[in-house]
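Accompanying notes for the structure given below.
The values are calculated or read from the model by the stated rules, or taken from the named source; none is laboratory data. This is a predicted model, so every value here is computed, not measured. Note that we place each Cβ from the backbone using ideal geometry, even for glycine, and neighbour counts take in every protein chain shown. For the accessible areas, the whole protein counts, side chains as well, though only heavy atoms, and no ligand, DNA or RNA atoms are used. Shrake-Rupley method; radii C 1.70, N 1.55, O 1.52, S 1.80 Å.
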Amino acid sequence: MPAIAKRKPSTALDLDHPIANRPSETRDSTPQKRKLRSDSSPMKASPVSTPMKWTSPRRSANARPNTPPPIGIESDFGPKLPKSPVKNLSKSFMAKPNWNPRDGEQTRAVKEALHVSTAPSVVVCREDEQKRVLEFCKSRLEEDKAGSLYVCGCPGTGKSLSMEKVKKNLVDWALETGLEQPDVLTINCTSLANTCDIFSKMLGKDQPRKRSNRSTSALQLLQNLYSQSSGKKMTLVIADELDYLITKDRAVLHDLFMLTTLPFSRCVLIGIANAIDLADRFLPRLQSLNCKPTVITFRAYSKDQILKILQERLMALSYTVFQPQALELCARKVAAASGDMRKALCVCRSAIEMLEAEIRDSSNNLNSSVKKTFFEKQTDPHTDCIKKPEADVVRIDHMAVALSKTYKSPVVDTIQSLPQHQQIILCSAVKLFRGGKKDTTVGELNKSYTDFCKSALIPPIGFLELSSMCRVLNDQGLLKLGPAREEKFKRVTLKVDEADITFALQGIRFFRNCLQ
């Protein structure tokens with residue numbers, strides 16, 4: 001019979017200790033220091049569980065593959081943490097494999113998807129504006145009544161693209177409802193040799209072939225046609241680039257909108273232009289006759305909208321072309337400068353060219369390395385010692401170079417180096433010309449400059465000093481001053497793009513807030 005180990009004298013136990021809560025027979029005996037496996041005998045399980053010995057989740061899973069991992073722990077990837085709230089641009093966008101910029105077919109497809117002339121299948125971020133225009137056109141067709149609409153907004157805000165979508169939806173709606181389909185005529189005013197030719201375009205096949213006084217006859221025929229009852233179908237006229245009519249002949253613009261007010265007119269006119277306040281400045285006669293056109297404004301795209309449009313265009317491709325951070329940088333910079341979507345597409349195409357140039361340089365270096373290795377070491381050129389570079393995506397550094405190439409220019413450097421008051425003069429001119437004005441006077445510019453300074457609590461300079469600074473800006477090619485007897489009546493025009501001024505001064509919070 002095996003010898004029994006001697007017991008140690010019992011000591012006082014802490015009442016909080018787990019042993020103190022055991023049954024009396026268990027408390028009286030103390031476990032042995034070491035017990036051989038051969039001396040073990042069956043024992044009753046203790047009602048109190050012993051503490052679990054924690055081990056590595058990976059070790060536990062590998063040691064016992066059939067045992068499920070602890071709660072909240074994945075056996076293959078370690079602890080399962082909650083999902084990070086990091087902003088994902090698009091899960092499906094991120095899941096695609098990278099493209100191969102050395103593949104000519106893929107490069108062509110990417111550049112085509114990002115080209116300005118490529119119309120996307122879905123026009124996103126302009127749903128509300130499209131709905132308002134479509135509802136207006138539907139109401140005119142249902143009531144069999146003429147009307148006019150003025151669509152305005154900064155360049156590159158999707159005006160013309162949205163009108164094409166509205167035109168298609170209107171024709172489809174007329175087919176579904178059984179209404180007579182309207183004749184749709186789209187006119188780009190910049191293509192007109194003479195502003196009066198727009199009336200000849202509207203007449204179409206009904207125009208009489210007279211060589212003398214042709215444009216006046218066209219207007220008179222339209223006026224006569226819309227002043228008497230006729231069986232002519234409803235006509236939807238979309239006049240794009242309406243600014244051309246403003247600069248050439250304002251009477252043509254008045255006569256064009258007045259056609260929709262004639263008693264039997266069946267013309268629905270949609271004018272598209274960049275001037276936001278055209279209806280207030282150039283159509284006072286229509287306003288007095290209570291026939292002012294309905295105005296719908298397309299605001300500049302925000303950073304999120306530009307990003308969404310870029311993703312929508314790239315979504316049709318089966319591979320990833322850009323790093324998400326690169327697209328976000330492009331959207332942020334373009335939105336801060338102008339919100340022009342066409343500019344964003346141009347920057348993305350330029351970034352692709354940056355990547356192509358990098359690949360060409362690396363390929364040239366690789367070829368020279370192959371030649372050197374072959375001739376000096378006489379190695380087999382078919383070995384895998386030199387591998388072809390892997391396909392890459394457009395990174396954020398490519399996008400930064402493209403943005404710098406697009407916006408950074410000697411003009412930007414000149415604007416950034418100007419004294420503060422000359423920069424304020426340029427900002428005042430930008431705010432004046434945002435309403436569609438092409439030029440102003442030094443007197444009006446001085447008033448805008450003074451208001452600008454008062455809002456910023458900056459003491460303004462006097463008129464003579466401002467006039468002198470305008471001459472300096474004229475010499476630097478930033479402003480253009482026209483001749484006049486009095487200084488305050490000199491005409492002032494901007495000689496640089498508004499986007500250049502905004503981009504040059506966006507790093508200064510004062511100017512950034514004022515130009516928003």
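Given Cα pairs under 8 Å that are at least 6 residues apart, what percent is the relative contact order of segment 410-513?
Relative contact order of segment 410-513: 33 percent.
Leaving out ligands, DNA and RNA but keeping every protein chain, what accessible area does residue 233 have, in Å² rounded to the nearest 10, with a 1.4 Å probe?
70
Whole angstrom only: what separates the Cα centroid of segment 278-312 from the Cα centroid of segment 119-153?
So the separation of the two Cα centres works out to 12 Å.
Probe radius 1.4 Å, ligands and nucleic acids ignored: give me the carbon and sulfur share of the accessible area of segment 410-513 as a rounded percent.
52
Can you give me the long-range amide H partners of residue 236? Hydrogens built in the peptide plane at 1.01 Å from N, cutoff under 5 Å, separation of 5 or more residues or another chain.
Correct list: 183, 184, 185, 268.
For the pairs 168/201; 111/437; 333/490, flag any whose C-alpha to C-alpha distance is greater than 27 Å.
111/437; 333/490
Using the structure shown, select from 167/438; 96/408; 159/431 the pairs with a Cα to Cα distance greater than 24 angstrom.
The pairs that break the limit, which is 24 Å between Cα atoms, are 167/438; 96/408.
If we sort 340-346, 177-183, 251-257 on the protection proxy, mean other Cβ atoms within 10 Å, highest first, what's the order?
340-346, 251-257, 177-183
How large is the accessible surface per residue of segment 410-513, computed with a 1.4 Å probe and reported in Å² as a whole number?
Heavy-atom SASA per residue in segment 410-513 reads 51 Å².
Please report Rg (one decimal) and Dmax (integer) in Å for the Cα set of segment 410-513.
12.6, 39
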